[in-house]
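Student: Here you go, one structure.
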Amino acid sequence: MSGPTVVVDTNIFVSARNPDESGYDACRRLLDRVDSEAVHALVSTVTVAEIRAGLEPVEARAVWQPFLSHLLTSPNYSVEAVDVEIAEAAGELRQRTRLTLPDALIVATGKVRKAAAVVTQDRQLGRLQSVVRACGPSEVE
């Protein structure tokens with residue numbers, strides 16, 4: 001793999017599943033680039049929890065296990081647990097910036113794991129450029 005390592009925010013996966021979502025095409029292209037090994041994606045366990053929580057029971061049966069299996073077995077994805085270093089960095093970020101705790105944990109994952117960027121459609125994260133680069137899915141080089 002020769003491309004960048006980025007943290008993929010929850011909203012990228014959500015938008016990539018729904019053609020009616022804003023940014024659907026760009027999110028699909030980004031995930032296709034991960035699958036083709038052009039980009040390495042770090043996925044926080046917070047994102048895993050958020051995605052699972054957002055599925056309807058019928059979707060959970062049909063979609064969840066294949067999705068989770070893909071994240072866990074693909075060499076292009078690394079699921080990153082919230083360890084003490086990430087938790088401490090997230091707590092400091094939350095205190096300093098007033099991000100939600102889930103967002104602070106995802107951003108802290110990028111910072112601690114030295115990702116090139118956090119890829120998101122959340123404009124609020126754009127204000128954290130001094131902590132970690134935040135960019136949209138079409139901006140990943």
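The values are calculated or read from the model by the stated rules, or taken from the named source; none is laboratory data. In this text the structure is predicted, and so the values were computed from the model without any measurement. Here the Cβ is made from the backbone with ideal geometry for all residues, glycine too, and neighbour counts use every protein chain on show.
Student: Please go through the range 14-40 and pick out each residue that is in contact with a strand residue (DSSP E or B) (Cβ under 9 Å, 6 or more places away or on another chain) and without any contact (Cβ under 8 Å) to a residue 40 or more places away in the chain.
Tutor: LEU31, HIS40
Student: When the residues of the range 110-141 are filtered to those that are farther than 11 Å from VAL6 by Cβ and of a type in the set (Ser, Thr, Tyr), which remaining residue is surrounded by the fewest Cβ atoms within 10 Å (Cβ to Cβ)?
Tutor: SER130
Student: Tell me which of these LEU68 doesn't satisfy, since it passes every other one: (1) surrounded by 18 or more Cβ atoms within 10 Å (Cβ to Cβ); (2) within 26 Å of ILE86 (Cα to Cα).
Tutor: Going through (1) surrounded by 18 or more Cβ atoms within 10 Å (Cβ to Cβ); (2) within 26 Å of ILE86 (Cα to Cα) one by one, LEU68 breaks only (1).
Student: Okay, moving on. For the range 50-79, give me each residue that is in contact (Cβ under 8 Å) with a residue 24 or more places away in the chain and closer than 20 Å to PRO102 by Cα.
Tutor: GLU50, ILE51, GLY54, LEU71, TYR77, SER78, VAL79
Student: Here is a follow-up. Do you know which residues across the range 103-141 are in contact (Cβ under 8 Å) with a residue 40 or more places away in the chain, in a helix (DSSP H, G or I), more than 15 Å from ALA90 (Cβ to Cβ) and not hydroxyl-bearing (Ser, Thr, Tyr)?
Tutor: Selection gives PRO137 alone.
Student: Just for helices (runs of 4 or more DSSP H) wholly inside the range 1-87: which have at least 3 residues that are under 17 Å from GLN121 (Cα atoms) and under 13 Å from the mean Cα position of the chain (by Cα)?
Tutor: The helices (runs of 4 or more DSSP H) meeting that bar are 10-17, 24-35, 45-53.
Student: Can you pull out the residues in the range 16-48 that are in contact with a Gly (Cβ under 8 Å, 6 or more places away or on another chain), at pLDDT below 95 and buried (at least 17 other Cβ atoms within 10 Å of the Cβ)?
Tutor: GLY23
Student: Within the range 90-102, track down each residue that is modelled with pLDDT of 95 or more and buried (at least 20 other Cβ atoms within 10 Å of the Cβ).
Tutor: Matches in the range 90-102: ALA90 only.
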